[in-house]
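Visitor: The structure is given below, and queries will be raised subsequently.
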Amino acid sequence: MRWARASVATVVVSAVVALSGCQTGDGDEVTLTFLNPHAGAYEPVAEAFEEANPGVRIELQSVPFEQMVEQTQARLSSGDTTIDIVSVDPPRLANMVEQGFLTDESEFLPKMRANVTEVAISSITVDDRQWAYPLWTSDNFLFFNRTVLEQAGLPAPGPTSADRLTWEQVLEMARTLVESGAVRYGLGMDQVDRYYALQPLLESMGAGPGLEGDENLTPAVDTPQWLAFGEWYGALYADAIGPRGVDPAQMVDLFRSGQSAFLVGGASAIGRIADGDFPGEWGMAPHPYFEGGPIVTPTDSWAIGVSATSEHQDLAREFVQFATLDPRGAELASSVNTLPPVQTEAFDSYVDHIRQLAPQQTVGFGDLFLEDTAEHSRHRPTSVGYVQFESEMNTAFGDIRNGADVERVLADAQSALELQLDRLRELSLDAEENE
């Protein structure tokens with residue numbers, strides 16, 4: 001599904017003016033290779049850049065998300081000069097910077113500030129330096145089956161932050177609907193078992209992000225607060241409020257088919273729900289929080305960086321800036337997978353598109369998104385050990401969902417992370433001593 005209102009031809013006019021310095025000059029074709037995990041997503045913006053810059057070709061090398069870290073590590077650590085541009089997942093940025101994979105883009109901070117929010121800039125900042133360009137952002141919402149709620153005499157959640165429900169209220173309604181047989185499941189999460197989706201719940205409950213200390217290299221996932229969250233999460237599935245054995249990719253379809261009363265999901269779910277044959281009426285509301293705790297929402301998404309081993313860094317930078325900081329370029333770069341761009345003008349166009357997809361359900365969507373981002377969002381912890389942390393915790397959450405003992409699972413995760421992160425700390429100290 002594409003939402004960019006400007007055609008590629010229209011964008012080219014702007015791109016020619018903004019990027020006229022990119023001409024190769026010697027008549028030779030230059031190929032820029034862009035390693036990314038988003039097959040098809042960048043074709044519109046690559047096409048626009050190529051048309052504006054004869055002699056430049058963007059080669060999109062897309063790999064599955066599960067292989068992105070491995071591919072990036074293997075190719076950039078070997079000094080592969082054929083990679084010019086690379087997708088960057090913000091919580092993994094510190095590790096990429098530590099290994100020297102990216103160019104320092106700090107001199108372009110004023111240009112970033114003119115086009116994107118400080119929250120977005122902070123996501124690509126390590127040691128007060130900027131190492132990539134933010135492209136997309138994110139938030140989660142509570143989707144609900146309005147018809148089922150009304151038939152059960154339960155109030156539908158409101159659309160504004162002032163209407164935000166607590167998790168206690170959501171689960172009370174979910175349990176009522178499951179026990180009455182109105183739905184098969186009360187609650188689904190489109191990123192079930194993934195740290196991205198569960199971090200806001202952990203922090204709202206007071207458990208903390210799970211990494212602390214210098215450079216976030218000290219795990220803290222076996223605290224009483226984490227144990228309390230683990231028991232809460234496990235009970236969701238032990239009590240059949242949430243589904244076991246359902247893959248994250250199936251969660252939106254479960255809700256769309258009427259089998260789940262509530263769904264926690266991102267903005268990308270709106271189009272999928274609106275395009276489907278929903279059995280009744282649906283709505284969306286702000287992400288819940290725990291009673292007595294802070295409102296916490298997720299944020300950040302993929303950024304784009306310039307490879308430190310590229311032989312065409314200036315030209316690669318021009319493409320990256322066009323795709324992230326130029327309004328039309330950012331709109332094109334976000335048009336295939338409908339993720340929210342952080343470029344301010346492109347974001348406004350994105351909100352208009354979302355409103356067209358589901359006019360009744362998305363009243364106030366843009367204002368809520370901006371409020372969540374500015375006031376309630378929490379970045380995932382920046383750490384050279386984030387890859388190990390996320391992998392370990394995603395496995396732990398999956399084990400808890402499937403009924404494993406919470407205390408044992410979290411104790412095992414704590415021990416495994418202590419070993420892995422201690423090793424990373426030692427390697428970092430060795431590197432500093434050898435400088």
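The values are calculated or read from the model by the stated rules, or taken from the named source; none is laboratory data. Everything numeric here is computed off the predicted structure, so don't read it as measured data. When we count neighbours, we look across all protein chains shown, and the Cβ atoms used for this are built from the backbone with ideal geometry, even at glycine.
Visitor: Any residue in region 163-178 that's in contact (Cβ under 8 Å) with a residue 40 or more places away in the chain: show its pairings with residues that are among the aromatic types (Phe, Trp, Tyr) and outside any helix (DSSP H, G or I) at Cβ separation under 7 Å, as long as the two are six or more apart or on different chains.
Guide: 164/289; 166/289; 166/290; 167/289; 167/290; 170/262; 174/262; 178/185
Visitor: I've got another one for you. Every residue in region 150-197 that is of a type in the set (A, V, I, L, M, F, W, C) and part of a helix (DSSP H, G or I), please. Steps first, answer last, please.
Guide: First, the residues of region 150-197 that are of a type in the set (A, V, I, L, M, F, W, C): 152, 154, 156, 162, 165, 167, 170-171, 173-174, 177-178, 182-183, 187, 189, 192, 197.
Scanning region 150-197 gives 162, 167, 170, 171, 173, 174, 177, 178, 197.
Visitor: Any residue that is at pLDDT 95 or above, among the charged types (D, E, K, R), assigned to a loop (DSSP other than H, G, I, E, B) and over 20 Å from the mean Cα position of the chain (by Cα) - is there at least one of those in region 327-336?
Guide: For region 327-336, residues at pLDDT 95 or above, among the charged types (D, E, K, R), assigned to a loop (DSSP other than H, G, I, E, B) and over 20 Å from the mean Cα position of the chain (by Cα): absent.
Visitor: Within region 49-63, count every residue that is of a type in the set (Gly, Ala, Ser) and either part of a helix (DSSP H, G or I) or under 16 Å from residue 34 (Cβ atoms) (or both).
Guide: Summing the residues that are of a type in the set (Gly, Ala, Ser) and either part of a helix (DSSP H, G or I) or under 16 Å from residue 34 (Cβ atoms) (or both) in region 49-63 gives 2.
Visitor: Right, next: Would you point out the residue of region 392-435, among those that are modelled with pLDDT under 95 and among the small types (Gly, Ala, Ser), that is nearest to residue 217 (Cα to Cα)?
Guide: Among those that are modelled with pLDDT under 95 and among the small types (Gly, Ala, Ser), it is 428.
Visitor: Checking the conditions here, which among 240, 249, 235, 220 is over 30 Å from residue 183 (Cβ atoms) and in the same structural domain as residue 417 (by TED's automatic domain parsing)?
Guide: Just one listed residue meets the conditions, 220.
Visitor: Against the definition (assigned by TED's automatic domain parsing to the domain that holds residue 392, out of contact with any strand residue (DSSP E or B) (no Cβ under 6 Å at 6 or more places or on another chain) and at pLDDT below 95), how does residue 278 come out, yes or no?
Guide: Criteria met by residue 278.
Visitor: Further question: Within region 216-265, restricting attention to residues that are of a type in the set (Phe, Trp, Tyr) and part of a helix (DSSP H, G or I), which residue is surrounded by the fewest Cβ atoms within 10 Å (Cβ to Cβ)?
Guide: Filtering region 216-265 for residues that are of a type in the set (Phe, Trp, Tyr) and part of a helix (DSSP H, G or I), the one surrounded by the fewest Cβ atoms within 10 Å (Cβ to Cβ) comes out as 232.
Visitor: Check whether at least one residue in region 353-364 is in contact with a Lys or Arg (Cβ under 9 Å, 6 or more places away or on another chain), more than 30 Å from residue 234 (Cα to Cα), among the small types (Gly, Ala, Ser) and not assigned by TED's automatic domain parsing to the domain that holds residue 204, and report yes or no.
Guide: no
Visitor: I'd like to know if region 352-369 contains one or more residues that are over 30 Å from residue 281 (Cα atoms), crowded, with 17+ Cβ neighbours inside 10 Å and touching a helix residue (DSSP H, G or I) at 6+ places or on another chain (Cβ under 7 Å).
Guide: no
Visitor: Scan region 273-307 for residues that are among the charged types (D, E, K, R) and either surrounded by fewer than 22 Cβ atoms within 10 Å (Cβ to Cβ) or not in a loop (DSSP other than H, G, I, E, B) (or both) and jot them down. Please lay out each step first, then the result.
Guide: Residues of region 273-307 among the charged types (D, E, K, R): 275, 277, 281, 291, 300.
Within region 273-307, 275, 277, 281, 291 qualify.
Visitor: Please go through region 372-381 and give me each residue that is part of a loop (DSSP other than H, G, I, E, B) and surrounded by 22 or more Cβ atoms within 10 Å (Cβ to Cβ), ordered by number. First the steps, then the outcome.
Guide: As a first pass, look at region 372-381 and keep what is part of a loop (DSSP other than H, G, I, E, B): 378-381.
Matches in region 372-381: 380 only.
Visitor: For residues that are basic (Lys, Arg) and out of contact with any Ser or Thr (no Cβ under 9 Å at 6 or more places or on another chain), scanning just region 175-229, find the one that is nearest to residue 258 (Cα to Cα).
Guide: Step by step, filter region 175-229, then rank; the result is 175.
Visitor: Name every residue in region 397-419 that is part of a helix (DSSP H, G or I) and hydrophobic (A, V, I, L, M, F, W, C), in order of residue number.
Guide: Let us first name the residues in region 397-419 that are part of a helix (DSSP H, G or I), namely 397-401, 406-419.
Of everything in region 397-419, those that are part of a helix (DSSP H, G or I) and hydrophobic (A, V, I, L, M, F, W, C) turn out to be 397, 400, 406, 409, 410, 411, 413, 416, 417, 419.
Visitor: In this structure, is residue 310 in contact (Cβ under 8 Å) with a residue 60 or more places away in the chain, in a loop (DSSP other than H, G, I, E, B), closer than 27 Å to residue 85 by Cα and not acidic (Asp, Glu)?
Guide: It is true that residue 310 is in contact (Cβ under 8 Å) with a residue 60 or more places away in the chain, in a loop (DSSP other than H, G, I, E, B), closer than 27 Å to residue 85 by Cα and not acidic (Asp, Glu).
Visitor: Hey, another quick one. Pairs, please: C-beta under 7 Å, at least 6 apart or cross-chain, first residue closer than 16 Å to residue 334 by Cβ and in region 349-373, second among the aromatic types (Phe, Trp, Tyr) and part of a helix (DSSP H, G or I)?
Guide: Cβ pairs passing all conditions: 351/365; 354/365; 355/365.
Visitor: Further question on the same structure: Which number in (1) surrounded by fewer than 16 Cβ atoms within 10 Å (Cβ to Cβ); (2) touching a helix residue (DSSP H, G or I) at 6+ places or on another chain (Cβ under 9 Å); (3) over 19 Å from residue 91 (Cα atoms); (4) not small (Gly, Ala, Ser) marks the one condition that residue 395 misses?
Guide: (3)
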